[in-house]
Amino acid sequence: MYRDIELRPSQSFLELHKAIITAFEFDGKHTASFYESNERWQKGREINSEVLVNKKDAPALSMTRTPVSALIALPDQKFVYVYDPAKSWTFLVELLGVNKEEDPKRSYPFIFRKEGVAPAQYGIKGLTGDKMIEIEEKYDLGAEEMAEGFGSEGEDSEGGGEEGGAEESAGEEMAGGEEF
């Protein structure tokens, strides 16, 4: 699952942090950190929500005072985002591209794509009737598949010796991923 978030270069890491917790429907009651990262998602320098002022030789930068553009040098720049260190919600954040044009009708940061159901921050997330219908339509799940927990794909079809056809589907997955 992933979320695509668009923001202005002048916006801070705090604004990106708030956009991520909004996109994943988290409550925002816990601390968080971004870490500069390399291609193998190893954590580097920290940008923390509790640090209020950037100081020389400080162990971490401030989310409030650090604009995202200050640490973005190239497309494909990567960050590891950790929310609620006790639960260790970890998201992989990657710059997809830079667009110099802003839409004056949008409020930034702007969540422009959501793929997959967000995980429940605490325990099991309840699905309301409308949300369940939306998921059924999106993934073409029928009542039978929902009731049994699996579909009939690959089973022999009725009517003689014909073999049941299997559908191919390509899914985009990025476990715990976040894109902006």
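The values are calculated or read from the model by the stated rules, or taken from the named source; none is laboratory data. Because the structure is predicted, anything quoted here is derived from the model rather than measured. Note that we place each Cβ from the backbone using ideal geometry, even for glycine, and neighbour counts take in every protein chain shown. Note: areas computed on protein heavy atoms with side chains; ligands, DNA, RNA excluded. Shrake-Rupley method; radii C 1.70, N 1.55, O 1.52, S 1.80 Å.
Take Glu145 and tell me if it is open to solvent by 100 Å² or more (accessible area, probe 1.4 Å), more than 16 Å from Glu15 (Cα to Cα), modelled with pLDDT under 85 and among the charged types (D, E, K, R). So Glu145 does not fit the description; no. Of all residues in the stretch 85-102, those that are touching a residue at least 60 places away in the same chain (Cβ under 8 Å) have Cβ atoms under 9 Å from Cβ atoms of residues that are open to solvent by 100 Å² or more (accessible area, probe 1.4 Å), 6 or more apart or on another chain, in Leu95/Leu74. Among the conditions (1) in contact with a helix residue (DSSP H, G or I) (Cβ under 9 Å, 6 or more places away or on another chain); (2) at pLDDT below 90; (3) surrounded by fewer than 16 Cβ atoms within 10 Å (Cβ to Cβ), the only one that Leu95 does not satisfy is (3). Cβ-Cβ distances below 7 Å connect the following pairs, each with a first residue in the stretch 112-123 that is farther than 14 Å from Phe91 by Cβ, a second residue that is of a type in the set (A, V, I, L, M, F, W, C) and at pLDDT below 90, and a separation of six or more residues or different chains: Val117/Met1; Val117/Ile135. Residue count for the stretch 48-64 satisfying the condition of being crowded, with 16+ Cβ neighbours inside 10 Å, assigned to a loop (DSSP other than H, G, I, E, B) and over 20 Å from the mean Cα position of the chain (by Cα): 2.
A count restricted to the stretch 24-47 and to residues that are open to solvent by 70 Å² or more (accessible area, probe 1.4 Å) and either touching a Cys at 6+ places or on another chain (Cβ under 8 Å) or acidic (Asp, Glu) (or both) stands at 2. Tell me the residue from Ile21, Ile111 that is surrounded by 13 or more Cβ atoms within 10 Å (Cβ to Cβ) and in contact with a Phe, Trp or Tyr (Cβ under 8 Å, 6 or more places away or on another chain), please. Sole residue among the options that is surrounded by 13 or more Cβ atoms within 10 Å (Cβ to Cβ) and in contact with a Phe, Trp or Tyr (Cβ under 8 Å, 6 or more places away or on another chain): Ile21.
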